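Structure first, then comments.
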Amino acid sequence: MSRFSLDKTLVQSFLVTLCRLLTGVKSFWHQVPQKDRPTIYYANHSSHLDGLVIWASLPRALRNQVHPVAAADYWQKTPLRRYLASRVFNAVLVERRRQAADAPDASESAAPRDPLAALADALEKGESLIIFPEGTRGDGDGVATFKSGLYHLARRMPEAQLVPVWLENMNRVLPKGSRLVVPIICTATFGAPIDTPDGDESKQDFLARAKTALEALAND
C-alpha cells in the first residue's frame, strides 16, 4: 500500500470513528442495495454533518464507491477542505448556478455547463452518490420541496437505484448557524429503493413521491 493510500485510509478511519463518537449514529436498513448497481442515496438536510453521517454509516466496502455531492465554492475554499473532498470523501463538487453566473469571467455567449454531467459520469462508472434534494439546509422541522435535480438525474440514469435516507436529530447535533457539536444520538434509516420515473410520470408527481417515501421513514 502506498503512503498516499495509507494516509487516506487512516484519515477515513479517524473520521468515521469521530463521527460515531460525536453523533452516536445508529444505522438501520430496510433493504441493502444491490452492490452491482449505481445508487443515489437522497436524504433530508439539516446539518453540515449530514453527508459525513451517511458516508460513515455505509459498509466499509462501499465507502470508496460512494461520492457525496457538495458545493464546489465551499469545499475548494481551503487546502484542508480540498484534501478532504478530493482524497477522503471522493466528493463530486458542483458549481452553484447563481455563483457561476455572477463570476467575473462569466460570458453571455459562453455555453452553459451541464450541472448533472459530473454526477451522471460517476453513475455511468457504476459508482454511487449522496445528494440532498432540498438544495439547502433546513431547520429539521420538516422537509422542503425537492429541487428538480433528482428527477432529471433519475431520468438520465434509470438503471440507478434511488434509496431514501432519513436522518434524525442532526439539526440538534449541529444546529444551523452554530459551530458547537452537541453529542446526541442520531439515526440514519435507509429505505428500500423507490422506482425511477417512467414516461408517464410528471416531474412534480415523481418529486412528491420521492419526498413522501423519505418522510415515511421518519415514523420507523
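So which residues in region 185-220 are hydroxyl-bearing (Ser, Thr, Tyr), surrounded by 13 or more Cβ atoms within 10 Å (Cβ to Cβ) and not in a strand (DSSP E or B), if there are any at all?
Across region 185-220, the qualifying residue is only 196.
Determine, yes or no, whether residue 9 is of a type in the set (S, T, N, Q) and within 12 Å of the chain's Cα centre (by Cα).
no
What are the residues in region 148-168 that are in contact (Cβ under 8 Å) with a residue 40 or more places away in the chain and in a loop (DSSP other than H, G, I, E, B), if any?
Within region 148-168, 148, 157, 159, 160 qualify.
If you go through region 36-47, how many residues are within 11 Å of the chain's Cα centre (by Cα) and in a loop (DSSP other than H, G, I, E, B)?
Final tally of qualifying residues: 2.
Here, each number is a calculation from the coordinates, and none is a lab measurement. Because the structure is a prediction, the values reported are computed rather than measured. Virtual Cβ from ideal backbone geometry, glycine too; neighbours counted across all protein chains shown.
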